[in-house]
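What follows is a set of notes on a single structure, which appears directly below.
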Ligand code: ADP
Ligand code: NA
């Protein structure tokens, strides 16, 4: 058996939502709690990615810190995991440059995520007076930075949601190209998809729940019980009688069934639907809300507490960055040497 290195990241672009939780954070914690002792766990607040979208510096400052607080609030232990902010480790940007010399632009042009993000920033153009709707090099090439994030730690396993699978392919591709040309320095990582591949927006259930989505479309991990119940009550469903699981024709109801399933670790959605078959929509939604409230119990309070403990957050952040720098600089040195520098 070989030693596993797990790496994943989250953008400090807002309070993490239920999609982030079920698609990423819950799995990070599950991995932490079941990993072999010699497995390295690295979880990163990817602030350099956050600036590829129109942003406000004061917001970024607080979101970065709050995202760290949320990683701790959901149960990640700084004694066990390397938890840090990406911009504190310069090697991420340096390896990105190296990889960008190997990244074909036509491959980057085929990535779906930057197109979605560009469309979002067009919709929100008042936030981007310096030229909304124009594709910036940073947004276009951010999958290369993501490849650097992962490859820097010789990561073997990357737990992410489905939206990131295409980027992982690119990371593997770039690692392969580097190794064939300059010698076997980098490790090709595997994807680990969460059971919840894609949690959908509450008021537009054909698009994914996202931090940049409309208000009311998400449940955030700092929401009160009342807020959670209210948002699920107003989630867009349909007027068909009874409850059934049919993602194609009943995306809203099916999304709620999936959410309830993932919150209770029951992934037989048809069975859940049969269980709820006779319920009125309101009763069904109350049951979904019960499962979310129960599943997220304690997180909002813990988040509030940690957020206010600035000294502790500083300490976690500094120690995490120190460990990350040590590992990252080692790989970077091997890479530069292989390149002839
Ligand atoms: P967002 O897309 O909300 O800005 P990030 O880009 O920071 O979130 O993604 C952090 C992690 O959360 C990634 O692993 C991503 O795959 C996962 N994720 C984001 N949105 C969802 C969703 N709606 N369903 C499942 N996983 C998601
Ligand atoms: Na994302």
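The values are calculated or read from the model by the stated rules, or taken from the named source; none is laboratory data. This is a predicted model, so every value here is computed, not measured. Cβ atoms come from the backbone with ideal geometry, glycine included; neighbour counts cover every protein chain shown.
Give the number of residues within the stretch 146-185 that are more than 22 Å from residue 89 (Cβ to Cβ) and within 15 Å of ligand 2 (Cβ to nearest atom). So the count comes out to 5. If residue 209 meets every condition in (1) within 22 Å of residue 330 (Cβ to Cβ); (2) within 13 Å of ligand 2 (Cβ to nearest atom) apart from one, which number is that one? The number of the failed condition is (1).
Residue by residue, here is whether (1) within 10 Å of ligand 1 (Cβ to nearest atom); (2) surrounded by 23 or more Cβ atoms within 10 Å (Cβ to Cβ) holds:
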site: 138; (1), (2): no, no
site: 142; (1), (2): no, yes
site: 162; (1), (2): yes, no
site: 171; (1), (2): no, yes
site: 176; (1), (2): no, no
site: 183; (1), (2): no, no
site: 186; (1), (2): no, yes
site: 190; (1), (2): no, no
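Residues that are within 16 Å of ligand 1 (Cβ to nearest atom), buried (at least 17 other Cβ atoms within 10 Å of the Cβ) and assigned to a loop (DSSP other than H, G, I, E, B) do not occur anywhere in the stretch 255-262.
Comparison of 60, 18 shows that the only residue that is at pLDDT 95 or above, buried (at least 20 other Cβ atoms within 10 Å of the Cβ) and in contact with a helix residue (DSSP H, G or I) (Cβ under 9 Å, 6 or more places away or on another chain) is 18.
Among the residues of the stretch 149-160, those identified as within 16 Å of ligand 1 (Cβ to nearest atom) and assigned to a helix (DSSP H, G or I) are 149, 150. Each residue in the stretch 82-129 was checked for being within 25 Å of residue 61 (Cα to Cα), away from ligand 1 (no atom under 16 Å from the Cβ) and modelled with pLDDT of 95 or more, and 9 of them qualify.
Counting the residues of the stretch 8-46 that are within 11 Å of ligand 1 (Cβ to nearest atom) and touching a strand residue (DSSP E or B) at 6+ places or on another chain (Cβ under 7 Å) gives 16. Going by what's in this entry, would residue 151 be described as modelled with pLDDT of 85 or more and more than 22 Å from the chain's Cα centre (by Cα)? Considered against the rule, which asks whether it is modelled with pLDDT of 85 or more and more than 22 Å from the chain's Cα centre (by Cα), residue 151 comes out as no.
Cβ separations smaller than 6 Å between residues 6+ apart or across chains give the following pairs from the stretch 1-29 residues that are farther than 23 Å from residue 151 by Cα to residues that are in a strand (DSSP E or B): 15/220; 17/220. Considering 139, 99, 60, the condition of being within 16 Å of ligand 2 (Cβ to nearest atom) and over 16 Å from the mean Cα position of the chain (by Cα) is satisfied by 139 alone.
Under the condition of being buried (at least 22 other Cβ atoms within 10 Å of the Cβ) and within 14 Å of ligand 1 (Cβ to nearest atom), which residue from the stretch 218-234 is nearest to residue 292 (Cα to Cα)? Of everything passing the filter in the stretch 218-234, 219 is nearest to residue 292 (Cα to Cα). Examine the stretch 87-96 for a residue that is buried (at least 20 other Cβ atoms within 10 Å of the Cβ), within 16 Å of ligand 2 (Cβ to nearest atom), touching a residue at least 24 places away in the same chain (Cβ under 8 Å) and not assigned by TED's automatic domain parsing to the domain that holds residue 267, and state whether such a residue exists. No: the stretch 87-96 contains no residue that is buried (at least 20 other Cβ atoms within 10 Å of the Cβ), within 16 Å of ligand 2 (Cβ to nearest atom), touching a residue at least 24 places away in the same chain (Cβ under 8 Å) and not assigned by TED's automatic domain parsing to the domain that holds residue 267.
Residue count for the stretch 186-206, restricted to those that are more than 21 Å from residue 31 (Cβ to Cβ) and more than 15 Å from ligand 2 (Cβ to nearest atom): 6. For the structure I just gave you, tell me whether residue 322 is free of Cβ contacts under 8 Å to residues at least 40 places away in the same chain, assigned to a helix (DSSP H, G or I) and not assigned by TED's automatic domain parsing to the domain that holds residue 195. When the stated conditions are applied, residue 322 does not pass them. So residue 243 passes all but one of these: (1) closer than 21 Å to residue 300 by Cα; (2) buried (at least 20 other Cβ atoms within 10 Å of the Cβ). Which condition number does it fail? For residue 243, the failing item is (1). Screening the candidates 294, 302 for the property of being exposed (fewer than 13 other Cβ atoms within 10 Å of the Cβ), at pLDDT 95 or above and closer than 30 Å to residue 64 by Cα yields one hit, 294.
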